[in-house]
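S.K.: Can you keep this structure in mind? I'll have questions shortly.
The values are calculated or read from the model by the stated rules, or taken from the named source; none is laboratory data. Fair warning: this is a prediction, and the values are worked out from it, not measured in the lab. Backbone-built Cβ (ideal geometry, glycine too); neighbour counts: all protein chains shown. Quick note on the areas: whole protein, heavy atoms, side chains included, nothing else; ligands and nucleic acids left out. Shrake-Rupley method; radii C 1.70, N 1.55, O 1.52, S 1.80 Å.
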Amino acid sequence: MTHIKHVLHSNFRIKDLVILKYFLGIEVAHSEIGIYLCQCKYCLDLIRDSGLSGGKPCSTPMDNSLRLHQDDSELLTDVLSYRRLVGRLLYLTTTRPDISFATQQLSQFMSKPTRSHLAAAMRVIKYLKGHPGQGLFFPRDSQIHLTGFSDADWGTCIDSRRSITGYYFFIGSSLISWKTKKQITVSRSSSKAEYRAFASTTCEL
Amino acid sequence: MERYKARLVAKGFAQTEGIDYFETFSPVVKMATIQVVLALASIHRWTIQQLDVNNAFLHGDLSEDVYMTVPPGLSVSGTHQCCKLHKSLYGLKQSSRKWYEKSSILLLSCGYQQAQSDHSLVVKTAHSSFTALIVYVDDIILTGNSTMR
């Protein structure tokens, strides 16, 4: 390791920051029991910029009876700020799998966001307020087995009746990869949707 | 105010594809790769270090003929003069690719191998020692089982 640092330094002049603490906006904490990743600062900046610092936190990222679709409520005049907000939430999903589904739902309406979509986005931010420092934990005491989980719903998207795939991968007990994505075709049965989810999960593997 | 910082930036928007630039794509690391490496580093108790390359883009070598107007403040004899660039500048369309080429060639020449799944991850195994580097443009994560100094 020391050798490669010398090589890099003699070729490019590097700044040696020693232990990894802050990378791409992600904070890294090391301890005896493991490594913890979070985007606390990024999350707090997001809450501040959305002007909800004074509001009450919510316990869930989304109302579970809510089915977002391209509805008839008033179109937003400031489309750019909605897009920027969803973009920031997307980046936040790198350490927050809990908002992955909500963000996937919001990102479907980037072209024509309405008032109800903005309200749902604000709900996610209120949820983030509850635990801005939540993140991923990679324990030291863990096996090196790769485990994958996949799931799908069936045609819950009101606009297109397409299904949504979700998957998770673990090394031992460390979560390393996940995704929530709408399938590209309409499935005529729930098992078909599950199979499709399984196929895209295997692709990731 | 501690210090002033200034940087010469080329007008990349004046470039034409096929004349003074060709390929501009350069890969960046996938988030899943970082998470896999950190999870493994945690389990194996590897040390994780962070390095930062100074003025990364200036290291790239240009193979194209790129000309630039003489920057203000530089006095040259005679008029109708211009600069021919040998190295990348910030602002050129190919800067990030040239930096990626330069850094990956150097790492490969040191015996590192690129991972199949993500070209920004390079690893080296020699005897019992293992070293891995994750390169995100000019930020590098370095980890491995060899002891430090």
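S.K.: Which value in deg cm²/dmol, rounded to the nearest 500, describes the helix-derived mean residue ellipticity at 222 nm for chain B, given -39,500 (n - 2.57) per DSSP H run of n ≥ 4 and division by the residue count? If you can, show how the numbers build up before the last one.
M.R.: Working: 2 runs with 29 residues, N = 149.
Dividing the helical sum by the residues of chain B leaves -6500 deg cm²/dmol.
S.K.: Taking B:Lys102 as the anchor, which lysines have their alpha carbon closer than 28 Å to its alpha carbon, excluding any fewer than eight residues away along the same chain?
M.R.: Cα-Cα hits under 28 Å: A:Lys5, A:Lys15, A:Lys21, B:Lys5, B:Lys11, B:Lys30, B:Lys84, B:Lys87, B:Lys93, B:Lys124.
S.K.: Report the FRET efficiency, 1/(1 + (r/R0)^6), for B:Phe13 and A:Met122, where r is their Cβ-Cβ distance and R0 is 41 Å, rounded to 0.05. Please list the in-between numbers first.
M.R.: Details: r = 38 Å, r/R0 = 0.92.
According to the calculation, E is roughly 0.65.
S.K.: Continuing with the same structure: Find, among the trypsin sites (Lys or Arg not before Pro) in the range A:29-85, those assigned to loop by DSSP (not H, G, I, E, B) with at most 13 other beta-carbon atoms within 10 angstrom.
M.R.: Numbers: sites: A:Lys41, A:Arg48, A:Arg67, A:Arg83, A:Arg84; in loops: A:Arg67.
Qualifying residues, ordered by number: A:Arg67.
S.K.: Using a 1.4 angstrom probe on the protein heavy atoms only, line up A:Glu27, B:Glu23 by accessible area, largest first.
M.R.: Values: A:Glu27 50, B:Glu23 110 Å².
My answer, sorted largest first, is B:Glu23, A:Glu27.
S.K.: Can you give me the solvent accessible area of A:Cys38 with a 1.4 Å probe, rounded to the nearest 10 Å²?
M.R.: Result for A:Cys38: roughly 10 Å² accessible.
S.K.: Next question, about the same structure. To the nearest whole number, what is the average tally of beta carbon atoms from other chains within 10 Å of the beta carbons of peptide A:136-147? Intermediate values should be presented prior to the final figure.
M.R.: Values: counts 3, 2, 8, 3, 5, 2, 4, 1, 4, 0, 1, 0.
Partner Cβ neighbours, averaged per residue: 3.
S.K.: Let me know the whole percent of all Cα-Cα pairs from the protein assembly as shown that are separated by more than 36 Å. Working shown, then result.
M.R.: Numbers: 22917 of 62481 pairs.
Across the protein assembly as shown, Cα pairs with separations above 36 Å total 37 percent.
S.K.: For peptide B:105-113, how many partner chain Cβ atoms fall within 10 Å of a residue's Cβ, on average? Don't skip to the end; give the middle numbers.
M.R.: Values: counts 0, 5, 3, 0, 1, 5, 1, 1, 0.
The shielding value for this peptide is 2.
S.K.: Residues of A:42-53, mean number of Cβ from any other protein chain within 10 Å of their own Cβ, rounded to a whole number? Walk me through the numbers on the way to the answer.
M.R.: Details: counts 0, 0, 0, 0, 0, 0, 0, 0, 0, 0, 0, 0.
Shielding by partners across A:42-53 averages 0.
S.K.: Also, quick follow-up: Output the 0 to 90 degree angle, nearest 10, between the alpha-carbon long axis of helix B:31-44 and the longest principal axis computed from the alpha carbons of chain B.
M.R.: With rounding to tens, the tilt is 40 degrees.
S.K.: On C-alpha positions alone, give me the angle between the axis of helix A:115-130 and the longest principal axis of chain A, in degrees, nearest 10.
M.R.: Taking the Cα atoms of chain A, the angle to A:115-130 is about 40 degrees.
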